Each structure stands twice: as C-alpha cells, then as structure tokens.
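The values are calculated or read from the model by the stated rules, or taken from the named source; none is laboratory data. What you see is a predicted model; the values in this text were computed from it and never measured. In this analysis, Cβ positions are derived from the backbone assuming ideal geometry, glycine residues included, and neighbour counts consider all displayed protein chains.
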Amino acid sequence: MPRQNVNDLIAFLAVARERSFTRAAAQLGVSPSALSHTIRALEERLGVRLLTRSTRSVAPTEAGERLFLTVGPRFDEIDAELARLSEYREKPAGTIRITAGDHAAKAVLWPKIERLLPQYPDIRIEINVDHTFTDIVAERYDAGVRLGEQVAKDMIAVRVGPDLRMAVVAAPSYFAKRPPPKAPQDLTDHNCINLRLPTLGGLYAWEFEQGERELKVRVDGQLVFNDASQMLTAALAGSGLAYLMEDVAQPYIASGALERALEDWCPPFQGYHLYYPSRRQSSPAFALLVEALRYRRAAGD
C-alpha cells in the first residue's frame with residue numbers, strides 16, 4: 001500500500017474516532033483545514049463519501065463506518081505490537097492512560113505516581129478525571145480506577161487503596177441553628193447539600209448502615225453540586241450538611257471547622273481498585289505501575 005494511503009487512513013480513523021476535525025487535528029499535529037483536505041482527497045480517491053459534516057458535528061457515513069470498523073482494529077494491532085517492543089528495552093517505557101474519579105486520582109493515584117515517575121523517566125502517565133463509568137476498552141484506556149463494587153466481573157481488579165468511610169458533616173455555625181441528626185430519618189429536617197451524579201443525572205441518595213439495617217435517604221436542600229470539593233466549601237461556610245469521604249473531611253473535623261454526625265451509621269466499605277481487561281498483555285511499564293499502585297495492608301490494620 002502506498003505510504004500516502006496509510007497516512008490518509010490514519011487521518012480518517014482519528015476523525016471518525018473523535019467525531020471532530022479539531023480534536024483529531026490536535027492529536028495528529030496538523031491544522032483542521034489540512035486534515036479536512038486530506039479526508040476529501042481520500043474520499044475522491046476511493047470514490048465514496050466517508051464522513052457526513054455539519055456545522056456542529058462529524059459522523060461516519062455507512063461506508064465510513066464500515067471502513068472504521070474493519071481497518072481500525074488492524075491499526076490497533078500494529079500499535080499494540082509496536083508497544084510490546086518496549087519489552088526489549090532495558091528500561092520500562094511507554095504511555096499509560098488511566099481513567100479515575102477526582103477523589104481516587106488525588107487520594108490513591110497521585111501519591112504513588114509522584115514517587116514512581118522520577119525513577120522511570122521513559123514512562124508517561126495520562127490520567128483522565130471522569131466521574132462516569134467509562135468503557136476503558138472502547139475509549140482506549142489501559143486501566144481505570146473505581147470502587148471495588150463498581151468493577152465489572154470480566155475485568156482483572158487489583159486493590160489500590162484501603163477501606164473507605166463516609167462522613168456527615170456541617171460547620172459549628174450550622175449546628176448552632178439546628179441540632180445534629182440522631183438517625184438518618186432526621187435528615188429530612190435539615191438543609192442538605194446534594195450531589196448530582198453525572199452517570200444518570202439524578203441526585204445521589206445518602207447511604208447508611210447499622211448492623212443489618214441499610215438505608216438510602218434522598219435528602220433535600222438549597223444547594224446541588226456535581227463536585228465534592230464544592231460541597232466541602234459550602235459545608236465549611238455553614239450552608240448545610242454534606243456527605244463526604246471521611247479522609248476529605250477529617251482535617252477539618254480535627255481542626256474544629258466541621259463537626260460530624262451519624263458516625264455510627266457510616267461503616268467502612270470496600271476501597272478503590274485498578275481494573276483492566278483480562279486479555280490485556282502487560283507491558284513492563286504497565287506491570288511496574290500495577291505493582292506500585294497495589295495496596296499492601298499495613299501491619300496491625
């Protein structure tokens with residue numbers, strides 16, 4: 001196959017995958033106009049329309065979809081084989097793409113990656129903070145980090161963090177106006193700071209457990225956020241009760257800036273796991289990262 005055809009196919013696959021000339025051009029290091037010219041030349045050479053263009057979107061035609069589904073995997077195989085050549089290098093190398101939620105990225109990934117990277121300058125790690133349940137195979141991630149209960153059964157899962165707990169907290173100024181709740185049912189009398197789930201668009205129901213009793217409470221209040229850091233800010237300002245990860249709230253509880261409620265209704269639960277497809281062939285760099293992230297319970301835990 002002439003080299004020009006290969007380059008044009010790579011350009012087409014990038015646009016079809018990203019559904020955007022702008023994003024694809026940024027990946028390929030060319031201008032959007034040059035990329036558009038390349039695709040038109042490919043369409044003229046093949047004699048078929050591959051992409052449907054509008055002012056807001058780009059989508060493959062039926063012919064384009066067929067080309068994308070048949071040719072794309074072959075280029076993926078080539079990329080995978082080239083990546084495996086890194087096994088013959090003396091030092092682990094390559095780029096590893098990971099998707100994780102904001103809390104997992106801050107609490108689990110970054111502390112260990114910060115120590116790992118200076119030792120291996122040929123390893124590059126890309127972390128995409130995403131609160132949705134990303135399909136890591138379809139989106140071409142090497143791995144994801146989610147709570148253990150959220151990991152699909154067909155994935156290899158490696159524990160990378162300790163058990164977690166939630167905490168119901170509010171500022172002393174808030175509790176000066178209303179007494180702390182004694183049971184989850186009392187939350188209906190409080191101004192609670194809600195979290196909107198990006199996966200379904202609904203509001204997160206606060207989860208509680210005591211012995212064999214499990215409760216999910218849909219709380220109400222004046223504020224709704226889609227980010228826990230904003231919930232923390234609002235709670236510190238005395239705007240209401242927040243339901244946060246215990247490790248996020250603990251420094252403020254220790255300083256007295258926040259006070260805790262319903263602690264006996266918030267038992268530990270399974271922490272974060274790194275997950276990846278069972279058929280994935282590990283590169284030395286990826287294997288090294290897995291071991292660096294692997295959670296090892298400390299003596300006495």
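Restricting attention to the range 235-250, which residues are more than 22 Å from the chain's Cα centre (by Cα) and surrounded by fewer than 19 Cβ atoms within 10 Å (Cβ to Cβ)? L236, A237, G238, Q250 - these are the residues of the range 235-250 that are more than 22 Å from the chain's Cα centre (by Cα) and surrounded by fewer than 19 Cβ atoms within 10 Å (Cβ to Cβ).
Going through V248, V290 one at a time, which residue ends up being in contact with a strand residue (DSSP E or B) (Cβ under 7 Å, 6 or more places away or on another chain) and either of a type outside the set (S, T, Y) or not in a strand (DSSP E or B) (or both)? None of the others qualify; the one that does is V290.
The set of residues in the range 20-77 that are of a type in the set (F, W, Y) and either over 17 Å from V6 (Cα atoms) or crowded, with 16+ Cβ neighbours inside 10 Å (or both) comprises F21, F68. Please state which one of K177, K216 is under 26 Å from the mean Cα position of the chain (by Cα), of a type in the set (D, E, K, R) and over 30 Å from V290 (Cα atoms). After applying the criteria, what remains is K216. Taken over the range 129-173, the residue count meeting the criterion of being in contact with a strand residue (DSSP E or B) (Cβ under 7 Å, 6 or more places away or on another chain) and in a helix (DSSP H, G or I) is 2. Where residues in the range 252-287 are within 25 Å of the chain's Cα centre (by Cα) and part of a helix (DSSP H, G or I), which of them is surrounded by the most Cβ atoms within 10 Å (Cβ to Cβ)? Result: A285.
Rundown of residues vs (1) in contact with a Lys or Arg (Cβ under 6 Å, 6 or more places away or on another chain); (2) in the same structural domain as Y252 (by TED's automatic domain parsing); (3) surrounded by 14 or more Cβ atoms within 10 Å (Cβ to Cβ); (4) within 25 Å of P277 (Cα to Cα), yes/no style:
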| residue | (1), (2), (3), (4) |
| --- | --- |
| I123 | no, no, yes, yes |
| R140 | no, no, no, yes |
| A171 | no, yes, yes, no |
| P179 | no, yes, no, no |
| D189 | no, yes, no, no |
| C192 | no, yes, yes, no |
| Q222 | no, yes, no, no |
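When the residues of the range 85-110 are filtered to those that are at pLDDT 85 or above and over 12 Å from the mean Cα position of the chain (by Cα), the one that is surrounded by the most Cβ atoms within 10 Å (Cβ to Cβ) is V108.
Looking at the range 57-79, can you tell me whether even one residue there is modelled with pLDDT of 85 or more, under 30 Å from D163 (Cβ atoms) and part of a helix (DSSP H, G or I)? Within the range 57-79 (the criterion being modelled with pLDDT of 85 or more, under 30 Å from D163 (Cβ atoms) and part of a helix (DSSP H, G or I)), the answer is no, since none of the residues qualifies.
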